[in-house]
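The values are calculated or read from the model by the stated rules, or taken from the named source; none is laboratory data. Remember, predicted model here, so these are calculated numbers, not experimental data. Cβ atoms come from the backbone with ideal geometry, glycine included; neighbour counts cover every protein chain shown. For the accessible areas, the whole protein counts, side chains as well, though only heavy atoms, and no ligand, DNA or RNA atoms are used. Shrake-Rupley method; radii C 1.70, N 1.55, O 1.52, S 1.80 Å.
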Amino acid sequence: MVPILLVLLAAGTLMIISHRQNDANERHENEALEQITRHAQSYEDDVQNEARNGYPSEDRTRAIAQRNHSRLISYGQSAQSLTTVVEFSATYEDTSFLGTSPSMAYRCYVFHFQPAKGGTVRTTLALQECNST
């Protein structure tokens, strides 16, 4: 009877630890995704600020993306609009029974900027995958 109780106690303890680790991992990943959202908004604001004097060049847009912890995937400019695809990433800690390891969260967005009365209108669309368009 005692060995059965010890096994049940050990199993219960392991389940609790596993649950706490999963909760912590989800919290860390959500924090990384929030960080990505902040970087995407900053990128959007920076490009829009530059667009007041004409759309930034591809090199300038790439520099803005890098400054906001992202990578420019594609760039398309016409006389009337600018469309970019940008991949954002953030690191977070992933905990398991074997220890802690760094993990990465990725998100891709299409940013479409076009002139409007009184400024620039911007549209942002989240992508499932980061493919060049």
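Between Leu33 and Gln80, what FRET efficiency comes out of the Förster formula 1/(1 + (r/R0)^6) with R0 = 35 Å and r the beta carbon distance, rounded to 0.05? Mind dumping the intermediate values first?
Values: r = 33 Å, r/R0 = 0.93.
The value I calculate is 0.60.
Please find, in a Gaussian network model of the chain (springs between Cα atoms separated by less than 10 Å), the residue of Asp46, Asp23, Asp94 whose mean-square fluctuation is greatest.
Asp23
How far, in degrees from 0 to 90, does helix 58-67 lean away from the longest principal axis of the Cα atoms of the chain, to the nearest 10?
It is inclined by approximately 30 degrees.
What ratio of Cα Rg to 2.2 N^0.38 Å holds for region 18-85?
Values: Rg = 16.1 Å, N = 68, 2.2 N^0.38 = 10.9 Å.
Output field value: 1.47.
Quote to one decimal, in nm, the extra length available between Leu6 and Gln114 on full extension: 0.36 nm per residue of separation minus the C-alpha distance between them. Don't skip to the answer; put the middle values down first.
Values: separation 108, 0.36 × 108 = 38.88 nm, distance 6.69 nm.
Length gained between Leu6 and Gln114: 32.2 nm.
What is the helix-to-structure angle for 2-50, meaning the angle in degrees between its Cα long axis and the longest Cα principal axis of the chain, kept from 0 to 90 and rounded to the nearest 10?
Value to nearest ten degrees: 10.
Note down the net charge around Glu31, summing +1 for each Lys or Arg and -1 for each Asp or Glu among other residues with Cβ under 12 Å from its Cβ. Could you put the intermediate results ahead of the total?
On the way: positive: Arg27, Arg38; negative: Glu26, Glu29, Glu34, Glu93.
Local charge sum for Glu31: -2.
Mind checking the alpha-carbon convex hull of region 64-133 and giving the volume per residue in Å³?
Numbers: hull volume 7.4 nm³, N = 70.
Per residue, the Cα convex hull of region 64-133 comes to 106 Å³.
Mind checking the full-extension length gain between Phe97 and Ile17? Use 0.36 nm per residue of separation minus the Cα-Cα distance, one decimal, nm.
On the way: separation 80, 0.36 × 80 = 28.80 nm, distance 0.87 nm.
So the chain would gain 27.9 nm between Phe97 and Ile17.
Evaluate the Kirkwood expression for the hydrodynamic radius of the chain, namely the inverse of the mean inverse distance over all pairs of different C-alpha atoms, and round to one decimal in Å.
Working: mean 1/r = 0.0577 Å⁻¹.
About 17.3 Å, per the Kirkwood formula over Cα pairs.
At 1.4 Å probe size, with every protein chain present, just tell me what the per residue accessible area of region 17-97 comes to in Å². It would help to have the intermediate numbers written out before the result.
Working: 4620 Å² over 81 residues.
Per residue, region 17-97 has 57 Å² of solvent-accessible surface.
Pop out the carbon and sulfur fraction of the accessible area of region 15-125 as a percent, whole number, probe 1.4 Å.
Numbers: 3150 of 6710 Å².
The computed percentage sits at 47.
What number results when the radius of gyration of region 79-119, computed over Cα atoms, is divided by 2.2 N^0.38 Å? If you can, show how the numbers build up before the last one.
Working: Rg = 18.4 Å, N = 41, 2.2 N^0.38 = 9.0 Å.
Cα Rg divided by the expected 2.2 N^0.38 Å: 2.04.
Quick one: if the Förster radius is 41 Å, what FRET efficiency do Val121 and Asn25 give, using the C-beta to C-beta distance and rounding to 0.05? If you can, show how the numbers build up before the last one.
Working: r = 38 Å, r/R0 = 0.93.
Efficiency, from the Cβ-Cβ distance: 0.60.
At 0.36 nm per residue, and after removing the present C-alpha to C-alpha distance, how many nm does the segment from Met104 to Gln41 gain when stretched out fully?
On the way: separation 63, 0.36 × 63 = 22.68 nm, distance 1.93 nm.
20.8 nm is the gain from fully extending Met104 to Gln41.
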